[in-house]
């Protein structure tokens, strides 16, 4: 059985500004850094075989903070990058809604039929991210434990996939907060989800200040 610990990067400056990041990037906020440290503490006793992360700066920084002082192999994979939202990248949500109303509505209300002019569809993101999950479960022996540091849409799509649901369900609760933790066990193709989107480490960290 391979166990996957899946998380999202910490909060970023563009998250606060409600800007679409996609394949663009912005730095972690102070809160984002603190949350990553808190998750690192939470996972300190877990013996990971490896870490897989998106190569975007915000995920690289989050992964390195989580793994601080631990000698773990970190593999940066394009399959874990956020959905490419093309012409929306860097734009504020309210401006996207005004300039691309039909496309914006489909993104949130009809994701199965959302099509980006210059970017990716949800299906394309699902296919590339699942290809990496297949690669990981094939590569590692039973009882391996792997940390995955990725983005909100990728994580939501993986949850949909593990639940054997359609992409149409991608925006259903829970909301995936920065550094929230999802734990999935995969045993010979059988999937068991232990935890989804848990942020208890952030609340615990706040109590320590």
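Derivation of every value follows stated rules applied to the coordinates shown; laboratory data play no part. Just so we're clear, the structure is a prediction, and the values are computed from it rather than from any experiment. Positions of Cβ are backbone-derived with ideal geometry, glycine not excepted, and every protein chain shown enters the neighbour counts.
Tell me which residues, restricted to the stretch 54-71, are over 14 Å from the mean Cα position of the chain (by Cα), touching a residue at least 40 places away in the same chain (Cβ under 8 Å) and assigned to a loop (DSSP other than H, G, I, E, B).
Passing the criteria: only 67.
Please verify whether the stretch 15-25 includes one or more residues that are surrounded by fewer than 19 Cβ atoms within 10 Å (Cβ to Cβ), free of Cβ contacts under 8 Å to residues at least 24 places away in the same chain, out of contact with any helix residue (DSSP H, G or I) (no Cβ under 7 Å at 6 or more places or on another chain) and not in a loop (DSSP other than H, G, I, E, B).
Looking through the stretch 15-25, at least one residue is surrounded by fewer than 19 Cβ atoms within 10 Å (Cβ to Cβ), free of Cβ contacts under 8 Å to residues at least 24 places away in the same chain, out of contact with any helix residue (DSSP H, G or I) (no Cβ under 7 Å at 6 or more places or on another chain) and not in a loop (DSSP other than H, G, I, E, B).
Looking at residue 127 and the list (1) over 12 Å from the mean Cα position of the chain (by Cα); (2) assigned to a loop (DSSP other than H, G, I, E, B), which single condition is not satisfied?
Evaluating residue 127 over (1) over 12 Å from the mean Cα position of the chain (by Cα); (2) assigned to a loop (DSSP other than H, G, I, E, B) leaves (2) as the failure.
Being over 20 Å from the mean Cα position of the chain (by Cα) and part of a loop (DSSP other than H, G, I, E, B) is the requirement here; does residue 94 meet it?
No.
On the basis of being under 17 Å from residue 46 (Cβ atoms) and buried (at least 17 other Cβ atoms within 10 Å of the Cβ), does residue 179 make the cut?
Criteria met by residue 179.
Which residue, of 98, 118, is without any contact (Cβ under 8 Å) to a residue 24 or more places away in the chain and loosely packed, with under 13 Cβ neighbours inside 10 Å?
One residue alone meets the criteria, 98.
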